[in-house]
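The values are calculated or read from the model by the stated rules, or taken from the named source; none is laboratory data. None of the values given here were measured: they were computed from a predicted structure. Glycine also receives a Cβ, built like all others from the backbone with ideal geometry; neighbour counts cover every protein chain displayed.
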Amino acid sequence: MTATRDPMRVIGVDLAWAERNRTGLCLAHRDRVVDSAVARTDGEIVAWIERHAPGDVIVAFDAPLVVENESGCRGTERVIGALWGDAQAGCYPANRSRPWFADGGRARRLARRLGLDVDPAAHRRVRRLGIEVYPHTALVSLFALPVTLKYKAGRDRRSGVSVTRTPAARRAEFLRLIGCLERLRSVRPPFEVVSPRWTTLTTMFQSATSGAALDVLEDELDAYVCAYVAWHFHARRGHPDCAVIGDASDGYVVTPIDPRRRAAMARVAEKYCVKSA
């Protein structure tokens, strides 16, 4: 039986654009997380994935997998901005004029090394599949969030003034993220994140009071969301709560989607000449 019919493994990859930065990795056996880790170099990422999933697998990358446009935004990014912009979940634009996408990007290189087909339409035909996902849209739609969780380092506007997110504010948002991940056991399809590694991560969170300490957790926890989206895609592809925005020719994102945005998706996708399913 092939990976896409009954995958033994799904893996989430919160991929850093540069090898000097941390990449989060999360492995699940069907609907249960088995392990997670961080890596930096392409070699470390490939070795971890090949060690844990040498056969059937769906790998979900939080990074562009198909970048063919020379400038501007991909169509899928325009659609996501229109559908999830009210929740502040727009995508960073990817195009070939940016040095890190001149050859297609890091995710595409890794997919080649891992022998992954990157066409979501091949879901029922291949044993090793790579898909592009986006944690922000997934979390917003799965948990009816009014805006994205603000656990990453950055700035917010308060009363028209731009202010840096404090460690305390980020910590509160990390707590919400952890709660969302643990609630995945109650959504459709269910997904269990608690494992020995999860216990380690939550213990690390309890003692994390600085921005640097929180940064250490960020990538690995994002990888949990990516792994869930891979499992959701496998279990729910073709259902109204699972969307593929775009295609393997011009770029796409796979994401859970809520009823309101699903109702608007076809119209918005047609406006930007983007396929959707």
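Looking at segment 98-119, which of its residues are buried (at least 22 other Cβ atoms within 10 Å of the Cβ) and in contact with a Lys or Arg (Cβ under 8 Å, 6 or more places away or on another chain)?
Listed by number, the list holds a single entry, Leu116.
Could you say whether any residue in segment 228-250 is part of a strand (DSSP E or B), of a type outside the set (A, V, I, L, M) and surrounded by fewer than 21 Cβ atoms within 10 Å (Cβ to Cβ)?
Yes, because at least one residue in segment 228-250 is part of a strand (DSSP E or B), of a type outside the set (A, V, I, L, M) and surrounded by fewer than 21 Cβ atoms within 10 Å (Cβ to Cβ).
Can you list residue pairs whose Cβ atoms sit under 9 Å apart, with the first residue in segment 230-242 being under 19 Å from Ala266 (Cα atoms) and the second being among the charged types (D, E, K, R) and part of a helix (DSSP H, G or I)? Count only pairs 6 or more apart in sequence or on different chains.
Filtered contacts from segment 230-242: Pro240/Arg262; Asp241/Arg262; Cys242/Arg236.
Checking the conditions here, which among Ala121, Ala138, Ala102, Ala144 is modelled with pLDDT under 95 and of a type in the set (Gly, Ala, Ser)? I'd like the intermediate steps shown before the answer.
Numbers: Ala121 fails: modelled with pLDDT under 95; Ala138 fails: modelled with pLDDT under 95; Ala144 fails: modelled with pLDDT under 95.
On inspection, the qualifying residue turns out to be Ala102.
Select from segment 148-168 the residues that are among the β-branched types (Val, Ile, Thr) and over 19 Å from Val253 (Cβ atoms) and write down the one among them that is modelled with the lowest pLDDT. Lay out the reasoning, then the answer.
Here is the first cut: in segment 148-168, the ones among the β-branched types (Val, Ile, Thr) are 148, 161, 163-164, 166.
From the residues that got through so far, the ones that are over 19 Å from Val253 (Cβ atoms) too are 161, 163-164, 166.
Values: Val161: 81, Val163: 87, Thr164: 91, Thr166: 94.
For segment 148-168, the residue satisfying everything is Val161.
Can you spot a residue in segment 132-155 that is under 22 Å from the mean Cα position of the chain (by Cα), surrounded by 19 or more Cβ atoms within 10 Å (Cβ to Cβ), polar (S, T, N, Q) and not in a loop (DSSP other than H, G, I, E, B)?
Here is the first cut: in segment 132-155, the residues under 22 Å from the mean Cα position of the chain (by Cα) are 132-155.
From what is left, the residues that are surrounded by 19 or more Cβ atoms within 10 Å (Cβ to Cβ) are 132-142, 149, 151.
Filter again for polar (S, T, N, Q), leaving 137, 141.
Narrowing further to those that are not in a loop (DSSP other than H, G, I, E, B): 137, 141.
The answer is yes, given that some residue of segment 132-155 is under 22 Å from the mean Cα position of the chain (by Cα), surrounded by 19 or more Cβ atoms within 10 Å (Cβ to Cβ), polar (S, T, N, Q) and not in a loop (DSSP other than H, G, I, E, B).
Which residues, taken from segment 170-195, are among the acidic types (Asp, Glu) and either touching a Ser or Thr at 6+ places or on another chain (Cβ under 6 Å) or under 22 Å from Arg236 (Cβ atoms) (or both)?
Hits for segment 170-195 are Glu182, Glu192.
Quick check on segment 173-202: of everything there that is surrounded by fewer than 14 Cβ atoms within 10 Å (Cβ to Cβ) and of a type in the set (Gly, Ala, Ser), which residue is farthest from the chain's Cα centre (by Cα)?
Per the stated criteria, the residue is Ser186.
For Val254, indicate whether it is within 12 Å of the chain's Cα centre (by Cα) and more than 19 Å from Glu182 (Cα to Cα).
Against the criterion (within 12 Å of the chain's Cα centre (by Cα) and more than 19 Å from Glu182 (Cα to Cα)), Val254 qualifies.
If you scan segment 17-58, which residues turn out to be modelled with pLDDT under 95, surrounded by 15 or more Cβ atoms within 10 Å (Cβ to Cβ) and more than 18 Å from Val229 (Cα to Cα)?
Trp17
Looking at the structure I just gave you, is Val163 within 30 Å of Trp231 (Cα to Cα), more than 16 Å from the chain's Cα centre (by Cα) and either of a type in the set (A, V, I, L, M) or part of a helix (DSSP H, G or I) (or both)?
no
Tell me, yes or no, whether segment 53-72 has at least one residue that is touching a residue at least 24 places away in the same chain (Cβ under 8 Å), of a type outside the set (Ser, Thr, Tyr) and assigned to a helix (DSSP H, G or I).
Within segment 53-72 (the criterion being touching a residue at least 24 places away in the same chain (Cβ under 8 Å), of a type outside the set (Ser, Thr, Tyr) and assigned to a helix (DSSP H, G or I)), the answer is no, since none of the residues qualifies.
Please work out if Thr209 is over 17 Å from the mean Cα position of the chain (by Cα) and among the β-branched types (Val, Ile, Thr).
On the way: over 17 Å from the mean Cα position of the chain (by Cα): yes; among the β-branched types (Val, Ile, Thr): yes.
Criteria met by Thr209.
Got a sec? Which of Asp35, Asp56, Asp14 is farther than 23 Å from Ala277 by Cα and touching a His at 6+ places or on another chain (Cβ under 8 Å)?
Asp35
All but one of (1) touching a strand residue (DSSP E or B) at 6+ places or on another chain (Cβ under 9 Å); (2) closer than 21 Å to Arg98 by Cβ hold for Leu25; state the number of the condition that does not hold.
Failing condition for Leu25: (2).
Does any residue in segment 99-117 that is free of Cβ contacts under 8 Å to residues at least 12 places away in the same chain come within less than 6 Å, Cβ to Cβ, of a residue that is basic (Lys, Arg) six or more places away or on a different chain, and which pairs are these?
Correct list of pairs: Ala102/Arg96.
What are the residues in segment 77-115 that are over 24 Å from Ile45 (Cβ atoms) and in contact with a strand residue (DSSP E or B) (Cβ under 6 Å, 6 or more places away or on another chain), if any?
Answer for segment 77-115, where residues must be over 24 Å from Ile45 (Cβ atoms) and in contact with a strand residue (DSSP E or B) (Cβ under 6 Å, 6 or more places away or on another chain): just Val79.
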